[in-house]
Amino acid sequence: METPDSSLSPTASTFVSRRQALCGLAATAGAFSSLDWIAGVSALAAEGDGPGAYPNRFPRMVHEYYVTQVTRAERRGLAKKAELKTKADAEAYVKAVQERIRRSFAPFPKTKTPLNARVTGTLDRDVYTVEKVIFESRPNFLVTANLYIPKNRKFPLPGVVGTCGHSTNGKAAETYQSFSQGLARQGYVVLIYDPIGQGERLQFTDDKLQPTMGTGTREHNQAGNHQYLVGEFFGTWRAWDGIRALDYLLTRKEVDPKHVGVTGNSGGGTMTTWLCGVEPRWTMAAASCFVTTWRHNMENELPQDVEQCPPRSLAMNLDHDDYLATMAPKPVIILPQQNDYFDVRGSEETFERLKHLYRLLGAEENIQLAAGPATHGYSIENRESMYRWFNQVTKVSDATKEPELTMEADADLYCTPEGQIAGLKSRPIHSFTAAKAKTLAKQRTALKGEVLETAVRDVLHLPEVKDAPRARILRFSGKSPGYPSEYHINYAVETEPGILALVTMLTGERWYGRPPQVKPGTRALLYIPHQSSDLDLRNEPLVRELIAAEPEGTTVFACDPRGVGESTPGTTQSAPWSYYGSDYFYTSYSFMLNRPYLGGKTHDVLRVVEWLASNGYDEIHLAGRGWGALPAAFASLLSKNVKQATLKQSLTSYHEVATTPTYTWPLSTFLPGVLKSFDLPDIYAALESRKLRQVAPLGATEQPEA
């Protein structure tokens, strides 16, 4: 392995310094940041770097591809639902859906460990008390909760588990205090708990118990993304907390086990929906501001938290309605808002699907939709619809309006002395991920040869495409803008229906047609960039170094796989490589479709290698940098046409990411469950036979190894 470049070229140094000024990014030799800098690149183009400063001729390609894939999954699911004609059909469908959901959310813990619950304080109010509860959903994994218990009532009473949305202060947020108080004043025992990463349950804190990774969605994605590497799903961890909350609620003598409901809003609406799917003990449910359809979320460019994207769910033809279908024929109400980003049209479609199922079960009155008039949130209108629904089921009250409420200060609801479970040495979630990675490392055997190749294909989920790759010849773009060649020409290689890999061929003369037809055995250099072929061809020293070292007669190509460079999606409002940007968005859906985004990128590279071979270039030197080094490495392993491999700033190992809480590699570079089968060092060892050269490999935080 080689050391990082000691300096950048003058052109690259100038570009980096200007990029830093425009984007607020630090750039150092031999390292890069996973933060987005597309805005800065666009600004550079506006400054006059030329029309090719950041070509982006296919910005909608990836999005429309995923719209198509999600729509196909939805249609498969709808076709199955259309076949339901009898009560027996409906009952069988509910059981089948329950099984598919369990497989999507697997693995759950094998046993329920002791809750070790304790009450740390009590608030005495006019018609209810609030107990401050701490329990363990897993050993030493603490959950903070408030238990609202009505006064002067005949027990047992109906119980409700409340799940919070993405509020920084969790259960103390006004919305969640409101429905907890409102239900308690009407005669319900309510347990509302802090989600992971919110309220008193921050997982990434400093010595002063202050957040180091942000809160809410930022913590969720940081804690959840690298869980995929060890075969875990953050949504399962969230749901397990809810299951254990119900376990605790049912230990209380004040609660009637014949009436236990679940309700929540936004992220809590998500958990309400998922909990319906994975826990059969609920007798009623009310989900606010989440339920729509996967298709609407995709069409509307709406990224969701890591726990909102169950792996393989779309591949199993599951949609939002299916999670609620597992409750049938029990009472469920869907509570969207007319002006929410969770599209109410999808809520209406979900309701119609469920109404058909409930009708077959003879319980059409047990499914209801009540859309509020507001924007996103558990508005008073939605809360009152929930009260009426639960009261209709339990008969505990005939109230139809929300009682008068009095909000508590956050600190008064604290269950912990310092307002954070970290102060009680609760085990952070990332420590569980690291522990599982270490266990898997001990269990794995080093794979080699065909066994390794098979394992890699299985984890990448590469599609089968039998047709020879087709290519478009794109409009000639003139002299190369700072490339290491006088001219270039661009091709678009169709790697599968709806996906084009964008290929640049460097040439010393004007070229208008297909690549020169050469004799078999001719060598080509194929370069896969970090984020953009255009930028790396201009500024990356490795490109010029590789070209200089190639034998005379080698033709040089660079390739942007899907979602990179010329097909970088301009969707989701967030910057492409931000924690909630399009790169994360499409990766999340790729996992739900059981077709990892990185597998798709690798497939694109393999198809481009096939296309080059069809033109006679069947001895390939494949090089990749940064995020592009991963598909380059996998393609080098899987293609017999690759005779040499060079990787710069490649990831050292997935194990290091899984065991490093502060990792920075993006979700698009990950593969679900990969550490159950192999790790990157296995790939690199196999590539020694391909004359592998590694330059400045990077660790989990995208910094050079010491």
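Applying the condition of being at pLDDT 95 or above, under 34 Å from the mean Cα position of the chain (by Cα) and within 30 Å of PRO541 (Cα to Cα) to region 461-489 and asking which residue is surrounded by the most Cβ atoms within 10 Å (Cβ to Cβ) yields ALA471.
Within region 199-229, the set of residues being closer than 20 Å to LEU424 by Cα, in contact with a helix residue (DSSP H, G or I) (Cβ under 7 Å, 6 or more places away or on another chain) and not in a loop (DSSP other than H, G, I, E, B) comprises THR205, ALA223.
With respect to GLY216, determine if the residue is at positive phi, in the same structural domain as LYS112 (by TED's automatic domain parsing), surrounded by fewer than 24 Cβ atoms within 10 Å (Cβ to Cβ) and in contact (Cβ under 8 Å) with a residue 12 or more places away in the chain. Can you show your working first?
On the way: at positive phi: yes; in the same structural domain as LYS112 (by TED's automatic domain parsing): yes; surrounded by fewer than 24 Cβ atoms within 10 Å (Cβ to Cβ): yes; in contact (Cβ under 8 Å) with a residue 12 or more places away in the chain: yes.
The answer is yes for GLY216.
Selection of region 76-94 for residues being closer than 16 Å to TYR589 by Cβ and either surrounded by fewer than 19 Cβ atoms within 10 Å (Cβ to Cβ) or free of Cβ contacts under 8 Å to residues at least 40 places away in the same chain (or both) yields only ARG76. Against the test of being farther than 30 Å from HIS220 by Cα and either assigned to a strand (DSSP E or B) or at pLDDT 95 or above (or both), the options TRP627, TRP611 yield a single qualifying residue, TRP611. Of all the criteria given as (1) in contact (Cβ under 8 Å) with a residue 24 or more places away in the chain; (2) surrounded by fewer than 23 Cβ atoms within 10 Å (Cβ to Cβ); (3) assigned to a loop (DSSP other than H, G, I, E, B), the one not satisfied by GLU656 is (3). Of the residues making up region 667-703, those that are more than 30 Å from GLU307 (Cα to Cα) and in a loop (DSSP other than H, G, I, E, B) are LYS691, LEU692, ALA696, PRO697.
Yes/no matrix, rows are residues, columns are (1) in contact with a Ser or Thr (Cβ under 6 Å, 6 or more places away or on another chain); (2) over 24 Å from LYS95 (Cβ atoms); (3) without any contact (Cβ under 8 Å) to a residue 12 or more places away in the chain; (4) not aromatic (Phe, Trp, Tyr):
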residue: GLY264; (1), (2), (3), (4): yes, yes, no, yes
residue: THR273; (1), (2), (3), (4): no, no, no, yes
residue: PRO280; (1), (2), (3), (4): no, no, no, yes
residue: MET284; (1), (2), (3), (4): no, no, no, yes
residue: MET298; (1), (2), (3), (4): no, yes, no, yes
residue: LEU302; (1), (2), (3), (4): no, yes, no, yes
residue: VAL306; (1), (2), (3), (4): no, yes, no, yes
residue: CYS309; (1), (2), (3), (4): yes, yes, no, yes
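The set of residues in region 293-303 that are polar (S, T, N, Q) and crowded, with 20+ Cβ neighbours inside 10 Å comprises THR293, ASN297. GLY626 fulfils the conditions (1) touching a Pro at 6+ places or on another chain (Cβ under 8 Å); (2) of a type in the set (Gly, Ala, Ser); (3) under 21 Å from LYS466 (Cβ atoms) except for a single criterion, (3).
Residue-wise test of (1) over 16 Å from GLY377 (Cβ atoms); (2) touching a His at 6+ places or on another chain (Cβ under 7 Å); (3) at pLDDT 95 or above; (4) basic (Lys, Arg).
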site: PHE141; (1), (2), (3), (4): yes, no, yes, no
site: TYR148; (1), (2), (3), (4): yes, no, yes, no
site: ARG153; (1), (2), (3), (4): yes, no, yes, yes
site: SER180; (1), (2), (3), (4): no, no, yes, no
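In region 147-188, what residues are farther than 21 Å from GLN308 by Cα and basic (Lys, Arg)? Across region 147-188, the qualifying residues are LYS151, ARG153, LYS154, ARG185. Of the residues that make up region 349-362, is at least one surrounded by 18 or more Cβ atoms within 10 Å (Cβ to Cβ), at pLDDT 95 or above, of a type in the set (D, E, K, R) and over 13 Å from SER266 (Cβ atoms)? Yes, the conditions are met somewhere in region 349-362. Mind checking whether some residue in region 106-128 is crowded, with 21+ Cβ neighbours inside 10 Å, more than 27 Å from the chain's Cα centre (by Cα) and either modelled with pLDDT of 95 or more or charged (D, E, K, R) (or both)? Yes.
May I ask you to list the residues in region 328-342 that are closer than 27 Å to ASN366 by Cβ and out of contact with any strand residue (DSSP E or B) (no Cβ under 6 Å at 6 or more places or on another chain)?
ALA328, PRO329, LYS330, PRO336, GLN338, ASP340, PHE342
In the set (1) within 27 Å of PRO156 (Cα to Cα); (2) surrounded by fewer than 23 Cβ atoms within 10 Å (Cβ to Cβ), the condition left unmet by GLY277 is number (2). The set of residues in region 163-180 being touching a Phe, Trp or Tyr at 6+ places or on another chain (Cβ under 7 Å) and buried (at least 24 other Cβ atoms within 10 Å of the Cβ) consists of CYS164, LYS171, PHE179, SER180. State whether the residues of region 186-195 include one that is outside any strand (DSSP E or B), in contact (Cβ under 8 Å) with a residue 40 or more places away in the chain, over 26 Å from SER653 (Cα atoms) and β-branched (Val, Ile, Thr). Among the residues of region 186-195, not one is outside any strand (DSSP E or B), in contact (Cβ under 8 Å) with a residue 40 or more places away in the chain, over 26 Å from SER653 (Cα atoms) and β-branched (Val, Ile, Thr), which makes the answer no. Among the numbered criteria (1) in contact with a strand residue (DSSP E or B) (Cβ under 6 Å, 6 or more places away or on another chain); (2) free of Cβ contacts under 8 Å to residues at least 24 places away in the same chain; (3) under 22 Å from VAL127 (Cβ atoms), which one does GLU381 miss? Of everything listed in (1) in contact with a strand residue (DSSP E or B) (Cβ under 6 Å, 6 or more places away or on another chain); (2) free of Cβ contacts under 8 Å to residues at least 24 places away in the same chain; (3) under 22 Å from VAL127 (Cβ atoms), GLU381 misses just condition (3).
The values are calculated or read from the model by the stated rules, or taken from the named source; none is laboratory data. The structure presented is a predicted model; accordingly, all values stated were derived computationally and were not measured. Quick reminder, even Gly has a Cβ in these numbers, built from the backbone with ideal geometry, and neighbours come from all protein chains shown.
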